[in-house]
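Every number here is computed from the coordinates shown, using simple stated rules; none is lab data. Predicted model only: the values in this text are computed from it and were never measured. Cβ placement follows ideal geometry from the backbone for every residue including glycine, while neighbour counts extend to all protein chains displayed.
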Amino acid sequence: MDSPTSTGGSSARIVPARSSMIESIRGCGLSGVRIDKESLRRKLLIPEYLRHAIGDSIKSKDPVGEAERYFNTGELYAREEAPEGPMVVFVNSRSGGRHGPELKERLQQLMGEEQVFDLFDVKPPEFVEFGLVCLEKLAALGDFCARDTREKMRIMVAGGDGTVGWILGSLASLNRQGREPIPPVGIIPLGTGNDLARSFGWGGSFPFAWKSAVKRSLHRAITGPVCRLDSWHLLVMMPSGEVVDPPHSLKHTEEYSLDQSLEVEGMLPENMNCYEGVFYNYFSIGMDAQVAYGFHHLRNEKPYLAQGPITNKLIYSGYSCSQGWFFTPCVSDPSLRGLKNILRLHVKKVNCSEWEHIPVPKSVRAIVALNLHNYGSGRNPWGSPNPEYLEKRGFVEAHADDGLLEIFGLKQGWHASFVMVELISAKHIAQAAAIRLEIRGGEWKDAYMQMDGEPWKQPMSKEYSSFVEINRVPFQSIMISGE
């Protein structure tokens with residue numbers, strides 16, 4: 001075991017992972033309080049004129065004009081009041097197998113069609129740029145109902161971690177533009193891993209008795225307290241001319257700055273090709289990302305093989321066995337499989353402005369920088385280190401809003417398997433407020449990386465170094481606790 005875990009009364013409080021089965025049974029709400037449908041609807045339903053104003057603004061892409069048009073007929077709505085919990089729901093109707101369309105229909109019955117957006121019809125940035133702006137313009141014109149609705153607004157996301165990240169990324173523009181308050185976000189888990197949903201008490205799977213569970217989820221979204229979540233900016237810099245097929249979460253950028261104070265092991269290219277993105281759960285490099293990359297391509301080529309979370313996990317497990325993580329081919333030099341051969345790791349520790357070089361253990365074949373307690377469908381690979389161990393290593397107790405990433409390593413597949421069933425902890429490497437990876441090929445032509453479940457193949461040069469830099473975004477996302 002790589003790190004001692006706490007026992008008895010000395011345990012450091014880290015949210016434990018729960019099995020999907022237990023969460024599904026819990027989601028049924030067998031012991032919960034019955035939620036009256038009409039009472040819930042009154043608490044959620046945004047006044048009709050505001051619903052239409054939001055919808056028309058998104059369609060016309062003219063929120064100012066729509067706000068003025070609706071305000072000029074505002075005497076008809078003078079006595080309207082904002083509900084207790086005005087809410088909109090984004091539904092990824094292609095998640096959750098056959099449940100996606102049914103869930104969308106159920107939500108529309110509970111709160112009206114205009115407050116439920118299918119992500120294939122209305123994109124989150126459109127809601128932020130046009131829908132919310134319309135409410136803000138109406139409020140500026142003196143519409144008190146629009147003002148209260150905007151201030152109380154909450155958002156539910158029915159989808160997987162990628163969908164939730166898309167919403168959070170879109171809402172981040174409100175911070176940059178000074179458009180507060182930021183609507184807090186709750187989750188109805190429809191994905192495969194659902195680690196964000198698990199971390200904030202919304203469960204790890206779509207519940208069996210989902211029709212009644214949806215009402216309880218909406219009620220919790222109205223009354224639940226808010227908490228904060230760190231987000232992390234990732235910048236990938238590579239020599240110009242290298243071709244990469246980035247995931248949706250990475251966008252090309254012309255703006256970059258490389259800290260010249262650090263010694264570069266390889267040659268520094270004159271021109272860089274750069275991509276940037278934001279993650280909320282984890283970034284990883286190595287064999288786990290290679291398995292994820294292969295699985296995603298297999299699923300895209302043969303979608304009939306992946307019809308639900310359980311099927312996905314079975315295929316994923318089988319694919320990991322075929323990639324050499326468990327049995328390194330004899331024709332390969334095992335030393336080439338360690339990440340130590342291709343990367344150098346530097347970190348900035350808590351309350352420290354200087355970079356520190358961290359040796360990568362030669363046995364490590366995957367490195368993960370983790371923000372949440374949950375990884376890989378609710379597992380806790382960092383474990384629950386006791387206070388004595390934390391003090392000895394210079395670590396602090398891990399939280400999703402502490403401004404730190406937990407960096408750990410996975411060795412061969414057997415080690416990873418024992419970590420994922422929580423028989424042992426992963427190989428603790430560091431805690432960091434910022435990370436820089438320098439990557440150079442040698443015998444390797446490509447490295448595999450992933451960010452919140454979106455993998456890509458990263459080309460490497462023998463002569464020139466590529467870089468990955470991770471820094472905390474200065475503002476935090478606002479989440480609704482489902483506990």
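Of K61/K123; K348/K445; K340/K462, which ones are farther than 20 Å apart at the Cα? Beyond 20 Å: K348/K445.
Can you give the FRET efficiency to the nearest 0.05 for E105 and K61, using r as the Cβ-Cβ distance and R₀ = 30 Å? E(calc), rounded to 0.05, equals 0.65. Close amide H contacts of S231 (hydrogens built in the peptide plane, cut-off under 5 Å, sequence separation of 5 or more or a different chain): V473, S477. Per-residue Karplus couplings for the range 249-255, computed as 6.51 cos²θ - 1.76 cosθ + 1.60 with θ equal to phi - 60°, are listed in order as 6, 9, 10, 5, 9, 9, 9 Hz, Gly and Pro entered as x. Counting only Cα atoms, the size of the range 54-185 along its three principal axes is 45, 34, 28 Å, in decreasing order. Taking amide H positions as modeled 1.01 Å from N, with prolines and chain starts lacking one, the residues under 5 Å from I187 and 5 or more places away or on another chain are V157.
If Rh is defined by the Kirkwood formula over all Cα pairs and Rg also comes from Cα, what ratio Rg/Rh do you get for the range 108-223? Could the numbers behind the result be given before it?
On the way: Rg = 14.8 Å, Rh = 15.2 Å.
With Rg and the Kirkwood Rh in hand, the quotient comes to 0.98.
If r is the Cβ-Cβ distance from Y256 to N72 and R0 is 56 Å, what FRET efficiency results, to the nearest 0.05? Walk me through the numbers before you get to the answer.
Details: r = 48 Å, r/R0 = 0.85.
E(calc), rounded to 0.05, equals 0.75.
With semi-axes defined as the square roots of five times the eigenvalues of the C-alpha gyration tensor, the equivalent ellipsoid of the range 442-483 measures 34, 14, 6 Å, largest first.
For the range 225-242, the Karplus equation 6.51 cos²θ - 1.76 cosθ + 1.60, evaluated at θ = phi - 60°, returns couplings of x, 9, 9, 10, 9, 5, 10, 10, 8, 10, 10, 10, 10, 9, x, 4, x, 6 Hz by residue, with Gly and Pro reported as x. Solvent-free Debye calculation, one equal scatterer per alpha-carbon of the range 352-483: log10 I(q)/I(0) at 0.10, 0.17, 0.20 Å⁻¹ equals -0.38, -1.11, -1.47. For labels at D401 and E263 in the simple 7 Å Cα→Cβ model, what's the distance in nm? It works out to 4.2 nm between the two label points.
Database remark: amide H of G193 closer than 5 angstrom to the amide H of D161 (H placed geometrically; neighbours at sequence offset of 5 or more, or on other chains; Pro and chain starts carry no H).
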